[in-house]
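Input: a single structure, listed below in structure tokens.
The values are calculated or read from the model by the stated rules, or taken from the named source; none is laboratory data. What you see is a predicted model, and the numbers here were worked out from it, not measured in a lab. Heads up, the Cβs are rebuilt from the backbone with ideal geometry, glycines too, and the neighbour counts pull from every protein chain shown. With ligands, DNA and RNA removed, areas are computed over all heavy atoms of the protein, side chains included. Shrake-Rupley method; radii C 1.70, N 1.55, O 1.52, S 1.80 Å.
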Amino acid sequence: MPKILFAALPERWATYEPHLRQALADAGVTDADLVLAADPAEVDYIVYAPNSDVQDFTPYTRLKAVLNLWAGVEDVAPNTTLAVPLARMVDEGLTEGMVEWCVGHVLRHHLGMDAHIHGQDGVWRNGDVPPLARDRAVGILGLGALGQDVAKALAALRFDVGGWARSEKSIAGVRTFHGPDGLDKILSRSEILVLLLPDTPATRNVLNADRMARLPRGAVIINPGRGPLIDDEALIVALNSGQIAHATLDVFREEPLPETHPFWAHPGVTVTPHIASETRPDTASQVIAENIRRGEAGEPFLHLVDRTLGY
Ligand code: NAP
């Protein structure tokens, strides 16, 4: 009977418990003991949120895997007390939510919606007709579970989509780039740039002053990835100079974003409070249950984190 500890904020238990129980039953893990508290020495799996109380995994002596509820693992991957496989969340609900958020914010800037939303002043501004999507170059940094689906959705709308990852990719309708040379190439063509990279030692400050200068003048940055991907001070300078026309930011180095942070008041910044997409308990529970089924059957886990790379 595998003992499964739910280690997330306690208020999430009521939402997740019925979905996890159902998903475990559906996956055929009928003898699971799903609990909110347990003797660490008896726990087989931890369903984990990195903001839970569990930060030292040493007492979990018979642990088989940690199953992260979040896509981002930057707060748990470096944990040196963790000595078992770590799986991250790849959830179709989370992906769908991210596609909707990104497409919405890309369309906002592509269509120049703000000019009309804020311009209800009796002036008939019909001079600027937006180009077709096919004439708008959008770049996606990160072509993983989220970035690939965002790229495909934008390509389906006929945007001229480019995507960049660490390894080479082939995605229908998307110009793909990889490695350091590929980064320069995608930056130089992207009028709208979406960041869907993980926060790792290799991606921190990927968008620094030099890289922002490589974007076409007046480019828009959309960041639902992680705050540390962007050099905040360099972004403010680039916004003030007009090199960057607007930044829509969902994630920040410090969250909640402090009230005094210049992003709040800057006219070229839209702040959204880390709501681009959330793990959805119904679909995510199926992913967790499938991984527990695999663990019990001795099969390889899905969505394992490479802890040397940090994602
Ligand atoms: P993923 O499947 O792990 O994909 C990560 C992508 O980034 C991969 O394509 C990977 O390249 C690429 N990458 C990683 N390091 C790189 C490097 N050094 N150079 C170039 N490319 C690199 O992750 P995901 O599920 O798509 O999620 C991406 C991130 O979104 C998460 O880590 C999280 O921070 C963020 N997120 C935010 C929210 C929100 O609400 N704001 C919600 C969910 C997730 P390869 O394909 O070559 O490995």
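Numerical summary
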{"item": "Long-range Cα-Cα pairs in segment 92-271 (distance over 26 Å), rounded percent", "result": "27"}
{"item": "Theoretical ellipticity at 222 nm over the chain - DSSP helices of four or more residues, -39500 (n - 2.57) apiece, nearest 500", "result": "-9500 deg cm²/dmol"}
{"item": "The chain: most fluctuating residue of MET98, MET113, MET89 per GNM, C-alpha cutoff 10 Å", "result": "MET113"}
{"item": "Surface accessible to a 1.4 Å probe, per residue, for the residues of the chain, Å²", "result": "48"}
{"item": "Gain on full stretching of the segment that runs from GLU254 to GLU17 - 0.36 nm per residue minus C-alpha separation", "result": "82.3 nm"}
{"item": "Segment 92-271, accessible surface, carbon-and-sulfur percent (1.4 angstrom probe)", "result": "53"}
{"item": "Lysine pair count for the chain [Cα-Cα under 22 Å; pairs on different chains or 8 or more apart]", "result": "4"}
{"item": "Charged-residue dipole, Cβ positions (Lys, Arg, Asp, Glu), the chain about Cα centre, Debye nearest 20", "result": "1100"}
